[in-house]
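Undergrad: Handing you a structure now.
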Amino acid sequence: MRDPGYGAARRQLLEHALARLHKASAKAVGALVKALRADKDGDRIRAALGILDRATAGCELLDVLGRIEALEKAARQHEKAGR
């Protein structure tokens with residue numbers, strides 16, 4: 001049987017780690033942008049592909065989140081109408 005505080009402590013550690021990653025992401029983007037000016041073609045291409053990949057993934061995530069929010073709103077409205 002798990003300690004009841006285990007889940008809360010684990011979540012707190014994960015939230016802290018995610019906050020650190022979020023804070024470091026600006027520096028990571030800066031490093032990729034800087035790498036676009038690298039001497040080697042391969043380095044510039046990898047940086048460009050990394051930027052494009054993450055930008056695309058971010059747009060897709062925002063799209064999915066928007067769709068989920070719209071579905072949740074519709075479900076709430078449907079629930080209210082059924083009362």
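The values are calculated or read from the model by the stated rules, or taken from the named source; none is laboratory data. Being a predicted model, the structure only gives us computed values, none of them experimental. Neighbour counts are summed over all protein chains in view; Cβ atoms, including those assigned to glycine, are modelled from backbone coordinates with ideal geometry.
Undergrad: Which count do you get for residues in segment 2-49 that are part of a loop (DSSP other than H, G, I, E, B) and among the hydrophobic types (A, V, I, L, M, F, W, C)?
TA: Residues that pass the stated criteria total 2.
Undergrad: Shifting gears a bit: If you check R54, R76, which single one turns out to be part of a helix (DSSP H, G or I), under 18 Å from the mean Cα position of the chain (by Cα) and surrounded by 10 or more Cβ atoms within 10 Å (Cβ to Cβ)?
TA: On the way: R76 fails: under 18 Å from the mean Cα position of the chain (by Cα).
One residue alone meets the criteria, R54.
Undergrad: If you don't mind, there's one more thing I want to ask. Kindly establish whether A24 is at pLDDT 95 or above and either surrounded by 10 or more Cβ atoms within 10 Å (Cβ to Cβ) or out of contact with any Asp or Glu (no Cβ under 8 Å at 6 or more places or on another chain) (or both).
TA: Numbers: at pLDDT 95 or above: yes; either surrounded by 10 or more Cβ atoms within 10 Å (Cβ to Cβ) or out of contact with any Asp or Glu (no Cβ under 8 Å at 6 or more places or on another chain) (or both): yes.
It is true that A24 is at pLDDT 95 or above and either surrounded by 10 or more Cβ atoms within 10 Å (Cβ to Cβ) or out of contact with any Asp or Glu (no Cβ under 8 Å at 6 or more places or on another chain) (or both).
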